[in-house]
Each structure stands twice: as structure tokens, then as C-alpha cells.
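Following: one structure in C-alpha cells, then a few remarks.
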Amino acid sequence: MAQIKRTGRAKGSVIELDEPLPYEDWRCVEVSLAADDTPRRGGSPQEVAAAARLAPHVSHEDVAALEAAIRESRQPTRFDSIFNEEDTS
């Protein structure tokens with residue numbers, strides 16, 4: 001049997017791999033695990049995508065409340081500038 005090495009995150013009995021496996025869905029596999037304590041730099045595209053799939057998911061009401069808070073906190077933009085004034089001296 002060919003061995004394939006992948007990294008991922010474990011939570012309870014669920015393991016989310018950083019990359020897909022080259023098998024069809026629901027294929028039986030044998031798994032060996034080892035903890036990886038190497039410090040990782042966060043924010044890779046794979047990590048962001050994996051985090052977006054994790055619970056808790058926000059509700060439509062949460063999104064509406066966030067958008068309302070953003071709208072209410074906007075500050076007016078000033079378009080006047082000393083560089084736009086004509087020198088009259």
C-alpha cells in the first residue's frame with residue numbers, strides 16, 4: 001500500500017486535512033497519527049478556507065447587525081484640501 005503524508009487539524013474524532021486525498025469519497029483508509037508541534041504561521045489560504053468551514057456559522061441577523069454597525073460608524077470624507085486652493089497672494 002502506497003503511503004501518503006498529509007497535514008491537517010484534529011478536533012475530537014474529526015480530522016480536516018490541508019489538502020484533498022487522491023481517493024474517491026468514502027474510501028476506507030488506514031490512518032496513523034503523530035502530533036506536529038512545529039510553530040505555524042497563520043493565515044495561509046488553506047487555513048483561512050478551513051476556518052471559514054468551521055462552526056460557529058453566523059446567522060443572517062448577525063451579518064445584518066455587523067453591516068449596520070459598519071454603516072453607523074462611517075465618518076464623512078473631507079474633500080477640501082490646501083492643495084486644491086488657488087494661491088491668491
### Summary
To the nearest 20 debye, the chain has a Cα-centred charge dipole, built from +1 on Lys and Arg Cβ and -1 on Asp and Glu Cβ, of 560 debye
#### Entry: Scattering curve values for the chain, log₁₀ I(q)/I(0), Debye with Cα scatterers, q = 0.25 Å⁻¹
-1.39
### Query
At what distance in nm do the modelled label points of residue 7 and residue 79 sit from each other, each positioned 7 Å from its Cα along Cα→Cβ?
5.0 nm
## Note on the structure
Given Cβ charges of +1 for Lys and Arg and -1 for Asp and Glu, the option among 49, 2, 39 whose Cα lies farthest towards the positive end of the dipole of the chain is 2
### Summary
Sparse-neighbourhood loop hits (GluC sites (Glu not before Pro), the chain; DSSP loop; Cβ within 10 Å at most 12 others) -> 24, 30, 85, 86
### Query
Against the longest alpha carbon principal axis of the chain, how many degrees, from 0 to 90 and to the nearest 10, is the axis of helix 60-73 turned?
30 degrees
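All of the numbers you see were taken from the coordinates with simple rules; none came from a lab. All values reported here derive from a predicted model rather than from experimental measurement. We place every Cβ from the backbone using ideal geometry, glycine too, and count neighbours over all the protein chains shown.
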